[in-house]
Amino acid sequence: MDSPHYKFWPARLPHRIDPPATSLWHNLAVSALRFPAKPALVFFDQVLTYSEVLSQAEAVAASLHRLGVAKGDRVILYMQNCPQWVIAQFAIFRLGAVAVPVNPMNRAEELKHYILDPDARVAICAADLAPELAKANAQLAPEEQLRHVISSHYSDGFNLQAAIDDGAMPPTWRDWLAQRHALPLLNQGSAIDWTEALTGDITRLPPHTAQPQDLAVLPYTSGTTGLPKGCMHTHASLMHNAVATCLWGNSTFENVVLSVVPMFHITGMVSVMQASIYGGSTLVIMPRWDRELAGKLISRWGVTHWTNIPTMVIDLLASPNFASFDLSSLRYIGGGGAAMPQAVAQRLWEQYGLRFSEGYGLTETAAPSHSNPPDATKQQCLGVPFVSVDSRVIDPITLQEMPQGEQGEIIMSGPQIFQGYWKRPDATAAAFIELDGKRFFRSGDLGRVDEDGYFFITDRLKRMINASGFKVWPAEVEALMFKHPAIQEACIISTRDAYRGESVKAIVVLRAAAKGSTSEQDIIDWCKENMAAYKYPRVVQFVDALPKSGSGKVMWRAMQEEQDQAQAKTAAAATTPAVPAG
């Protein structure tokens, strides 16, 4: 394979690496041994050293062991970013168990799948989300239900009053973070508080035996059909990208990293959190996005590295208080999930000398499979194949490699690629091809390669909506909407959104009995109640029938094209100057 991108490769880096042949648990243990008194996690006013994080992770591991968690068992992680999330994942790793990170925006109807599919019997969740988890659990058969839940308040990780007094906490978060919640009630199990979990007897911990090839994390990704699928990642696949991310971003032990990309997401988990723990960095944690808090934290802690979604940068730059923030400490800024507008990237370069390094990756690839070299970036570009990655562009039908510059499906091979889909050998077989003796993952994204070996995305083979970096799969939303008693048929398409990039639109055929008594807003309200916030339709359109092909398939592409054309006309009319009369 011709590799012209290597002439732009950072001269200090090898093209491929051999990461440590250990489990992810050892990353925390080694950093705690090297830097016991160094700040590892910062959460509002609370600072936990590496030694303290290690001790708490061992204690929670001991509590999980007492609850029956053993090597290979799947444990749900269901909370926003917080120190407890980090501690809980490493506690799971300590036992050789498997973490199942779940989007905290998911509601009960969605959560049932995350209990059922991985056969989870234990969950660690945020106290404010526990009722939703309990609601989902109660709807399952007794043999399918959770046996134990560890519930934690976010305020378990910081001093609430101190955060309010020093102005660090956004006022709109006070009720959310201050409210106390009762432990969830399980039909046939127990719930314990995080503070109790921290009292686990570490003398009863079994030996740590996890190996690089063992399953470590089971993050879920939705697809074109059916329910979300679990991506089987080993300690080795995540270890590779944690180490490679550190090398790629010029990391040192003195890094201070802003952690705002959700940890349940593969990028926040691997490229931010796991990379920071491996590198002995200080992780400054935000539970969710707030531009004023982000500006204050970057200024206060001297943040050097910030991986984000471009909409966050746009929002921060638009803050009326932006001039009061000190961004001079930043050395690396990059991210993905959506294209960075050229004007914003140019402003970062001109004002701060920062090149925004866009990247591309999937849950299946443990975050980056492509990234822009920090010193040789191209705007609105996926970048070059990441460390140890071989990536090609092929004809999706013939599977033959395409010439440079021509569109085809992006495929990739490397040690960070997942093992396959949990309990889905059919989907796993369809996701891989063999080329030149290597196993390549089919991304489902269409792209091209320029003369320098940089990749650009051009279209999607799969139906997917990108809402502020969150992937929304129409088939999943449609499946949930069919549970509404008034809906006969539904088709999900995307609409353009000035801020989110894309939003969700539902084209709905109502049942005859519901016509006249069900409004578009009724459908939106129901979806909002039953779906994660980024998934539910912002627009609902009622039609008498959905267009279908001769074989009876819904012609979603025709409806999408009609929507795109209508929005293009509206945009053109808005920018066309009026012609004076006369």
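Just so it is clear, none of the values below were taken in a lab; they were calculated from the coordinates. Owing to the predicted nature of the structure, the values given are computational and were not obtained by experimental measurement. Because the Cβ atoms are built from the backbone with ideal geometry, glycine has one as well, and the counts that use them run over all protein chains shown.
Shown for region 465-571: lysine pairs separated by 8 or more places, or found on different chains, whose C-alpha atoms are under 27 Å apart, numbering 27. Footprinting exposure proxy ranking of Phe8, Phe455, fewest other C-beta atoms within 10 angstrom first, gives Phe8, Phe455. Between amide H atoms placed 1.01 Å from N, distances below 5 Å from Arg107 occur with Ala532, all of them 5 or more places distant or on a separate chain.
In this simple spin-label model, placing a label point 7 Å from the Cα along the Cα-to-Cβ direction at both Arg439 and Ala162 gives a separation of 4.8 nm. Distances between placed amide hydrogens fall under 5 Å for Phe542 paired with Val508, all partners being 5 or more residues away or on another chain. For the chain, the share of DSSP beta bridges that are antiparallel, to the nearest 5, is 55%. Of the trypsin sites (Lys or Arg not before Pro) found in region 282-384, the ones in coil according to DSSP and having at most 16 other Cβ atoms within 10 Å of their Cβ are Arg288.
Among Ile457, Ile411, which comes first, second and so on when ranked by fewest other beta-carbon atoms within 10 Å? The partial results should precede the final answer.
On the way: Ile457 17, Ile411 24.
By the 10 Å Cβ count, ascending, the order reads Ile457, Ile411.
FRET efficiency for the His181 to Gln407 pair, using the beta carbon distance and R₀ = 45 Å, is estimated at 0.30. Coupling constants for region 324-337 follow from the phi torsions by the Karplus curve (6.51 cos²θ - 1.76 cosθ + 1.60, θ = phi - 60°), and in residue order they are 8, 8, 10, 9, 5, 6, 5, 10, 9, 9, x, x, x, x Hz; glycine and proline get x.
Going Cα to Cα from Lys438, which lysines come in below 25 Å? Please leave out same-chain ones fewer than 8 positions away. The qualifying lysines are Lys7, Lys229, Lys423, Lys462. Ellipticity at 222 nm from helices only: DSSP H runs of n ≥ 4 in the chain, each -39500 (n - 2.57), divided by the residue count, give -8500 deg cm²/dmol.
Just add up the charged neighbours of His233: K/R +1, D/E -1, any other residue whose Cβ is under 11 Å from the Cβ of His233.
On the way: positive: none; negative: Asp214, Glu364.
In short, -2.
As a proxy for reagent exposure, ranking Val509, Val122 by other Cβ atoms within 10 Å from fewest up yields Val509, Val122.
Only four residue types carry charge here, +1 at the Cβ of Lys and Arg and -1 at the Cβ of Asp and Glu. Report the dipole size of the chain about the Cα centre in Debye, rounded to the nearest 20.
Working: 50 positive and 57 negative charges, 57 e Å.
Computed charge dipole of the chain: roughly 280 debye.
Potential lengthening of the chain between Ala427 and Arg12 amounts to 145.5 nm, from the contour at 0.36 nm per residue minus the alpha-carbon distance.
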